[in-house]
1. For the pair residue 218 and residue 47, how long in nm is the line joining their label points, each one 7 Å along Cα→Cβ?
2. Using the C-alpha gyration tensor of region 197-351, what are the square roots of 5 times its eigenvalues, in whole angstrom, with the largest one first?
3. List the extent of the Cα atoms of the chain along each of their three principal axes, largest first, rounded to whole Å.
4. Report the calculated FRET efficiency for residue 80 and residue 108 (r = Cβ-Cβ distance, R0 = 22 Å), to the nearest 0.05.
5. May I ask you to work out the translational diffusion coefficient for region 1-110 at 37 °C, viscosity 0.692 mPa s, via Stokes-Einstein with Rh from the Kirkwood sum over Cα pairs, reported in whole µm²/s?
6. Could you work out the mean projected area of the convex hull around the alpha carbons of region 2-192, in square nanometres to one decimal?
7. When you count, for each residue, the other Cβ atoms within 10 Å and take the mean per peptide, how do 233-244, 336-347, 311-322 rank with the highest first?
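What follows draws every value from the coordinates through simple rules; no lab data is involved. Treat the numbers as computed from the prediction; the structure is a model and nothing was measured. Reconstructed Cβ throughout: ideal geometry from the backbone, glycine too, with neighbour counts over all protein chains shown.
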């Protein structure tokens with residue numbers, strides 16, 4: 001028995017914030033001092049490194065579980081399944097339902113339970129739970145769904161990644177420009193075909209300070225209250241990712257039984273364009289190969305970094321819209337990969 005993605009769905013926030021919207025911000029360093037460079041220079045450098053020109057934020061009346069529900073509805077509609085037949089709802093997020101204007105995390109009951117309620121699923125055998133696993137949470141959710149199906153504990157699973165990071169960003173921190181909102185979902189079903197999940201790999205590094213690379217901390221504005229915001233040691237994350245992610249990807253792909261030349265697409269967490277491209281280059285170097293053209297779909301330029309939602313959102317866009325000229329055909333070998341807070345890394349090789 002194998003597991004296969006039978007449908008995708010996403011929720012794309014309607015509020016767009018371009019880089020120009022940050023021109024009047026007061027950017028401070030971690031010591032609370034004003035950054036000497038002009039804002040246009042800060043923004044230009046940020047864009048050249050991350051590739052981000054715009055990001056999407058949710059409207060004030062919505063929460064993470066709201067947009068997760070909409071992405072789930074989209075996937076269920078595409079699948080035509082009866083939602084009452086879903087065995088597991090696995091929802092990856094990092095901050096819970098933070099409402100607009102609040103500094104309080106709300107994650108009980110689980111967001112997955114809230115989504116189940118909002119979908120109107122009455123079946124008590126549909127088990128709903130959350131994953132807190134950093135940006136790789138959605139990929140890990142797919143791995144867990146695959147394990148349930150392989151163990152014959154489930155037939156259908158709904159896996160969602162949903163984030164509203166705009167609610168926990170420090171406006172005085174230039175790194176806050178990277179973060180965005182969004183939700184993506186897939187329906188995974190048992191299959192007797194050889195296609196579907198072929199192999200997977202997950203690792204966690206935490207004993208040498210890695211667990212503090214992405215965290216919640218005080219505002220750079222030291223005069224503010226004690227509210228905590230999402231924080232990132234950008235250089236540390238960049239160096240860690242380049243050193244560790246390609247190896248994890250290779251260990252995953254080597255187990256799938258296919259030649260590297262058969263790999264058609266890599267869906268990597270949309271964290272930072274320059275970093276992602278460098279990771280892929282190092283990954284192919286491990287095979288003494290050059291990076292093929294058109295291997296890497298990217299939407300970070302206009303979507304920003306929505307953490308757990310980046311891969312399932314991009315997958316939905318490629319499947320349904322051939323986003324930026326990318327498409328997936330039946331039989332194609334693809335690779336999912338992510339890195340994030342923990343520090344966690346995971347990857348899945350998959351055949352459509």
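1. 3.4 nm
2. Gyration-tensor ellipsoid for region 197-351: 30, 19, 13 Å.
3. Largest first, the chain extends 60, 52, 40 Å along its Cα principal axes.
4. About 0.10, to the nearest 0.05.
5. For these conditions, the coefficient is 186 µm²/s.
6. Averaged projected area of region 2-192's Cα convex hull equals 12.1 nm².
7. Ranking the peptides 233-244, 336-347, 311-322 by packing returns 336-347, 311-322, 233-244.
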